[in-house]
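The values are calculated or read from the model by the stated rules, or taken from the named source; none is laboratory data. The structure displayed is predicted, hence computed values, not measured ones. For neighbour counting, all protein chains shown are included, and Cβ atoms are generated from backbone atoms with ideal geometry for every residue, glycine included. Heavy atoms of the whole protein, side chains included, go into the accessibility calculation; ligands, DNA and RNA do not. Shrake-Rupley method; radii C 1.70, N 1.55, O 1.52, S 1.80 Å.
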Amino acid sequence: MPATIVVLGAGVSGLTTALLLARNGKHSITVVAKHMPGDYDIEYASPWAGANYLPVAKRGTPSEGLERNTWPELARLAEELPEADTVVYRRAKDAGTATGDWFAELHKDNAWFKDVVPNFRVLSKSDLPTGVDGGTSFTSVCINTALYLPYLASQCLKHGVVIRRGVTSHIAEAATLHHSGKPADLVVNCTGLSSLRLGGVEDSTLYPARGQVVIVRNDPQVMASVSGTDDGSDEATYVMHRAAGGGCVLGGCLQKDNWESQPDPNLTVRIMKRCVALCPKLVPEGKGIEALDVVRVGVGLRPMRKEGPRVEREVVRGPSGEEVNVVHNYGHGGYGYQTSYGASQVVEKLVGEILQPKARL
Ligand code: FAD
């Protein structure tokens, strides 16, 4: 008998996890989620991501392993899609700011990922724009989230996963939602920031880091980011050109504990100005932000967690006293795409550990 599994959540974490678990053909899997690919909602972080591979995990932490182990699969996928060269600039004055801390590892000349991504090199002084003290360049990828999330869902369907809308108020309740009608052997919790309030989890170390982005049709011809701005400690500047006609994402900010779902129009103007200054080729020579062709201005909440992502198993007691095996996979902050495969591999291992005694019976 295949093991029955419910994956709660259909963001990049839930769909990647469901896909990896389904690929071995040993499990019967239902994905249940309030939001699905195609939805744009403040409770659904995944559509708002850039999403590119700019590692930020501190060297030697578990997150380093998650980012390191995700690169090979993203690189494999990118072989059929355009790869993207990216440059990251460092300003000495950004050390210690919110944005400077966020990107601290990314901006090191001796970063741990220099042997993970291709073509890593430290930029020479002559490559640096005015006001920049250092920088590196390497080959990254930029995921078109509007295509990638449905792609993941379709790969899940191909491997027999059943995908359904549903909302639960307690993680244990998810075990009752398997498409067979029988109680699931285990639940994988991929609910992102909602784990802050989800019954049976209520992880008070989760908090939002608000990100505002402007998606434009313009082509910057290079992806770039810089360690900070002169507009405030929690504002950022990055330009990510999404693959396959996905437009160009101009960002942004990292506003901790800010739940505001509506764009701030002043911030939109600051983002556009900073991005044109960083990548002048976004607009024809001599033009300013009036030459940006805007597709959408959006806001997403990164599911930050004080100690980093939670990928571990737990037995949770439900409201009626029933015990449910749960594997958590949430809290991926501003790096959920670049940890997605690494984290899902850990989930696969934990699921194997839980199911092993059952297999011996
Ligand atoms: P989510 O995408 O939030 O999905 C949660 C899922 O759980 C949803 O389907 C939701 O409906 C479901 N759910 C929640 N509660 C319940 C419930 N009670 N019942 C049923 N379903 C429920 N990452 C990168 O790697 N690279 C980037 O360049 C990047 N840029 C970003 C830029 C911005 C502006 C933002 C906001 C984020 C960025 N990120 C980036 C981070 C990335 O988007 C997130 O880490 C990732 O999307 C988190 O995915 P998730 O699947 O864990 O959560």
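One table, with the values for the structure above:
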| quantity | calculated |
| --- | --- |
| Qualifying positions in segment 305-352 - hydrophobic (A, V, I, L, M, F, W, C) and under 25 Å from Gly60 (Cα atoms) | Val311, Val327, Ala343, Val346, Val347, Leu350, Val351 |
| Test: residue in segment 111-125 that is in contact (Cβ under 8 Å) with a residue 60 or more places away in the chain and touching a helix residue (DSSP H, G or I) at 6+ places or on another chain (Cβ under 6 Å) | yes |
| Test: Ala174 is within 12 Å of the ligand (Cβ to nearest atom), over 30 Å from Arg91 (Cβ atoms) and either of a type in the set (Asp, Glu) or not in a loop (DSSP other than H, G, I, E, B) (or both) | yes |
| Criterion (touching a residue at least 12 places away in the same chain (Cβ under 8 Å), under 26 Å from Lys34 (Cα atoms) and touching a strand residue (DSSP E or B) at 6+ places or on another chain (Cβ under 8 Å)) met by exactly one of Ala243, Ala236, Ala209 | Ala209 |
| Residue within segment 62-75 that is open to solvent by 10 Å² or more (accessible area, probe 1.4 Å), in contact with a Cys (Cβ under 7 Å, 6 or more places away or on another chain) and within 11 Å of the ligand (Cβ to nearest atom) present | no |
| Conditions (1) in contact (Cβ under 8 Å) with a residue 60 or more places away in the chain; (2) touching a helix residue (DSSP H, G or I) at 6+ places or on another chain (Cβ under 8 Å); number of the one not met by Phe138 | (1) |
| Qualifying residues in segment 251-303 (those that are within 14 Å of the ligand (Cβ to nearest atom) and of a type in the set (Val, Ile, Thr)) - the one nearest to Ala224 (Cα to Cα) | Ile271 |
| In segment 312-339, residue surrounded by the most Cβ atoms within 10 Å (Cβ to Cβ) [restricted to those that are more than 18 Å from Leu206 (Cβ to Cβ) and within 16 Å of the ligand (Cβ to nearest atom)] | Gln338 |
| Close pairs from segment 276-287: first farther than 16 Å from Gly247 by Cβ, partner among the aliphatic types (A, V, I, L, M) and part of a helix (DSSP H, G or I), Cβ under 7 Å, at least 6 apart | Pro284/Ala291 |
